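Engineer: Here it is, the structure, as structure tokens.
The values are calculated or read from the model by the stated rules, or taken from the named source; none is laboratory data. Predicted model, so just to flag it, every value in this text is computed and none were measured. Glycine also receives a Cβ, built like all others from the backbone with ideal geometry; neighbour counts cover every protein chain displayed. The accessibility values were calculated without ligands, DNA or RNA, using every heavy atom of the protein model including side chains. Shrake-Rupley method; radii C 1.70, N 1.55, O 1.52, S 1.80 Å.
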Amino acid sequence: GAMTDPKGDRSKGPSEQDDPDLFTRIVDSDEKGVYVSGAKAHQTGCINSHWIILMPTIRLTQNDKEYAIVGAIPADVKGLTYIYGRQSCDTRVMEGGGDIDLGNAKFGGQEAMMILDRVFIPWDKLFMNGEFEFASMLVERFTCYHRRSYVCKTGLGDVLIGAAATIADYNGVPNVSHIKDKIIEMTHLNETIFAAGIASSHQGHKMKSGVYLNDDMLAQVCKHNVTRFPYEISRLAQDIAGGLMVTLPSEKDFRHPEAGPMLKKYLVGRKGVDVENRMRILRLIENMTMGRNAVGYLTESMHG
């Protein structure tokens, strides 16, 4: 679902921009279909997709008819260029240190900017063509579903809460009262997000088409919680983890024949805990709260 345009000067609408391509628009048409140019920013998952649905990103006016477009394009269509996003700590992948320093060895964010240069859309894949008066409703309904769907962040929250509890155990302080209080607070905030999302679905109503639309107000509450609570959950996780989360030597140092034994000696936690496991949990917390996956857990929670 490609909705977000670069937007340019936020005080101006699509047709008022100095460069008309700052919002995706129809630039030509023929008997087979239309041609569109522009760009879509912050496209999470576009690299993994088979089809892209282009949509307006804001309410439109009569002067913006050429921007009132909804259409489906194959992800490898001619004229579409992907420019891959950069993330904090992403060069660690290329440093040959194994997988500890990655924080999450198997999963990471996938964001890109999509540049469209006269991309062709056949008539049978075009679902809005100049009907600007419906753009506002489309955006509102999309965000109603999307903001409710941000309950997905509670899955990430579960992982982070588990990591915080694990490092507390590895450090030998799982039963200290203020540690337990912080984990309880993290859980409370995470489940509050979840509750608003579930309530929005439960209060949904059936529309004329037969499709259900979840409750708009509760969807906004879910999203509002998501813009705030993951930051506090992350702060508490960093509090519990300790400073080693950001001063930890690299995996290459850990594997080094001379430095490695010293690190294994001085980076121990409680008895019975493997030093490497302690390092992995610390890197996971770093990854989620300030590294590669902070893109998806924090910044995306704010702006998505």
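Engineer: In straight Cα distance, which lysines are under 26 Å from residue 252, not counting same-chain residues fewer than 8 positions off?
Structural biologist: Within the straight-line limit of under 26 Å, residue 252 reaches these lysines: 106, 264, 265, 271.
Engineer: While we're looking at this one, here's another question. Size of the dipole of the chain about the Cα centre, Lys and Arg at +1 and Asp and Glu at -1 on the beta carbon, nothing else charged, in debye to 20?
Structural biologist: 880
Engineer: Give the aspartates and glutamates whose C-alpha is closer than 12 Å to that of residue 32, dropping any in the same chain fewer than 8 places away, or say none.
Structural biologist: Candidates past the 8-residue exclusion: 124.
Engineer: Which of the listed residues, 285, 77, 196, is farthest toward the dipole's positive end in the chain, when Lys, Arg count +1 and Asp, Glu count -1 at the beta-carbon?
Structural biologist: Highest projection toward the positive end goes to 285.
Engineer: Same structure again: When you count, for each residue, the other Cβ atoms within 10 Å and take the mean per peptide, how do 279-286, 163-170 rank with the highest first?
Structural biologist: Averaged packing, sorted descending, gives the order 279-286, 163-170.
Engineer: Sticking with this one: Which order do the peptides 99-106, 3-10 take when ranked by the mean count of other beta-carbon atoms within 10 Å per residue, highest first?
Structural biologist: Values: 99-106: 18.1, 3-10: 16.0.
Order by mean packing, descending: 99-106, 3-10.
Engineer: State the Cα centre-to-centre distance between region 33-89 and region 171-229 in whole Å.
Structural biologist: 30
Engineer: With a 1.4 Å probe and all protein chains kept in place, how do 32, 223, 208, 65 rank by accessible area, largest first?
Structural biologist: Details: 32 135, 223 20, 208 215, 65 95 Å².
Putting 32, 223, 208, 65 in descending order of accessible area: 208, 32, 65, 223.
Engineer: For Cα pairs less than 8 Å apart in space and 6+ apart in sequence, what is the mean separation divided by the residue count of region 1-153, i.e. the relative contact order in percent?
Structural biologist: 30
Engineer: What accessible area per residue comes out for the chain, rounded to a whole number of Å², with a 1.4 Å probe?
Structural biologist: For the chain, the solvent-accessible area averages 53 Å² per residue.
Engineer: Which of 84, 266, 231 moves the most in a Gaussian network model of the chain with Cα springs under 10 Å?
Structural biologist: Highest fluctuation among the options: 266.
Engineer: Multiplying the sequence separation of residue 177 and residue 239 by 0.36 nm and subtracting their Cα-Cα distance, what value in nm do you get?
Structural biologist: Extra length from residue 177 to residue 239 when fully extended: 20.9 nm.
Engineer: First compute the accessible area of the chain with a 1.4 Å probe, then give the percent of it belonging to carbon and sulfur atoms.
Structural biologist: Ligands and nucleic acids excluded, carbon and sulfur give 55 percent.
Engineer: Here's a follow-up. Please get the size of the charge dipole for region 136-303, origin at its Cα centre, with Cβ charges of +1 on Lys and Arg and -1 on Asp and Glu, quoted in debye to the nearest 20.
Structural biologist: 200
Engineer: Another question about this same structure. Name the residue farthest towards the positive end of the dipole of the chain from the options 212, 43, 8, assuming +1 on Cβ of Lys and Arg, -1 on Cβ of Asp and Glu, about the Cα centre.
Structural biologist: Towards the positive end, the residue furthest out is 212.
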